[in-house]
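Here is the structure we will look at, set down as structure tokens.
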Amino acid sequence: MPMVKQKRTTVWISHRGLKTHHVENTLAAFEDAIAGGYQHLETDLRSTADGQIVLLHDPDLARLVGRPMLVATSTASELRELRVSDGQGLLFFDEFMNRFGRYGLTFDIKPEDGERTLAILAGWLRAQQSPDELLQRYRFLFWRREQQSWWQTEFPAAKCLATEAECIWAGLAMAFRLPLPRAVRPGQTYAVTHSFGGVVTMRPSVVARYHSRGAKTLAYLPKDAREIQAALAAGVDEILCDGPITAELSDRTSS
């Protein structure tokens, strides 16, 4: 009998929450993302001087609140007094987990003071009733190899996305058919951009090469509906997106 090609379900991941009406990494931005159909949330983790994890991308508060305060040297109480442009306070890890812990989550571990952030996160995880079960839903992205190595030693079941360097290495091999050694590892998820060096790399043949090696692909921040449609047509496993999932993009499966 001929093999039937199955539909592939594409997971939509909200990049720091839905920012149409609210500031990134805030409670309302994540609530809007879930209400808008996202199945998975991505956020950034940093830690304060007194050992609290806060959801912030930048190492300081200049962009979000207009104050050049460093997150790493500020206390949680100091940060709780601040307000972003839409009037919300900064979002802390415990509040985020209480509201969204049941969803799929990707944590971007910012490298500055990442060791401290990971130590706090490790303590939280060990205090949970079923840490290994949680690690099936949560993933981690690292920018420093030594931090990732420490985390995976402490939690061998932890899922870590391919690093930026690994994604570039794999992308060169898959898009341009370069014989690069160990370019793609089975079970790993690699970010794929729409184009690289002016060449469109988001193509079905390219994604198929990842899949043939047992890896998954994540469309990294497509800029518009055209790039999202190209990612869906290529058969990516996941789409990390800034904007809303509109009606024209509501078909979440690709053949």
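Return the residue satisfying two criteria in turn: it lies in the stretch 183-210 and is more than 20 Å from the chain's Cα centre (by Cα), closer than 24 Å to Thr106 by Cβ and of a type outside the set (A, V, I, L, M), and of such residues it is modelled with the lowest pLDDT. Checked the stretch 183-210; the qualifying residue modelled with the lowest pLDDT is Phe196. Here the condition is being out of contact with any Pro (no Cβ under 8 Å at 6 or more places or on another chain) and farther than 24 Å from Trp143 by Cβ; of Leu91, Leu27, Leu64, Leu55, it holds for Leu27 alone.
Can you confirm whether Arg145 is in contact (Cβ under 8 Å) with a residue 12 or more places away in the chain, out of contact with any Pro (no Cβ under 7 Å at 6 or more places or on another chain) and crowded, with 18+ Cβ neighbours inside 10 Å? Against the criterion (in contact (Cβ under 8 Å) with a residue 12 or more places away in the chain, out of contact with any Pro (no Cβ under 7 Å at 6 or more places or on another chain) and crowded, with 18+ Cβ neighbours inside 10 Å), Arg145 does not qualify. When the stretch 115-153 is filtered for residues that are farther than 25 Å from Leu240 by Cβ and of a type in the set (Lys, Arg), the ones remaining, listed by number, are Arg116, Arg126.
Checking each residue in the stretch 219-237 for being within 19 Å of Lys19 (Cβ to Cβ) and in contact with a strand residue (DSSP E or B) (Cβ under 7 Å, 6 or more places away or on another chain) picks out Ala219, Tyr220, Leu221, Pro222, Ile228.
Pairs are defined by a Cβ separation below 7 Å, a sequence spacing of at least 6 or placement on different chains, a first member in the stretch 128-140 that is within 14 Å of Leu161 (Cβ to Cβ), and a second member that is assigned to a loop (DSSP other than H, G, I, E, B); the pairs so defined are Leu135/Phe155; Leu135/Ala157; Leu135/Ala158; Arg139/Leu161; Phe140/Ala158. Scanning the stretch 20-44 for residues that are closer than 17 Å to Phe92 by Cβ and of a type in the set (A, V, I, L, M, F, W, C) gives Val23, Leu27, Ala28, Ala29, Phe30, Leu41. Only one entry of Gly243, Gly197, Gly187, Gly214 meets the criterion of being surrounded by fewer than 19 Cβ atoms within 10 Å (Cβ to Cβ) and without any contact (Cβ under 8 Å) to a residue 24 or more places away in the chain, and that entry is Gly197. From the list Leu105, Leu121, Leu141, Leu135, the lone residue that is under 22 Å from Ser14 (Cα atoms) and touching a Ser or Thr at 6+ places or on another chain (Cβ under 7 Å) is Leu141. Thr106 meets all of the listed conditions (1) farther than 30 Å from Phe196 by Cβ; (2) at pLDDT 95 or above but one, namely (1).
Can you name every residue in the stretch 14-65 that is among the β-branched types (Val, Ile, Thr) and part of a strand (DSSP E or B)? Quick ask: steps written out before the conclusion?
Filtering the stretch 14-65 for residues among the β-branched types (Val, Ile, Thr) gives 20, 23, 26, 34, 43, 48, 53-54, 65.
Passing the criteria: Thr43, Ile53, Val54.
The values are calculated or read from the model by the stated rules, or taken from the named source; none is laboratory data. Because the structure is a prediction, the values reported are computed rather than measured. Please note: Cβ atoms are built from the backbone with ideal geometry, for glycine as well, and neighbour counts cover all protein chains shown.
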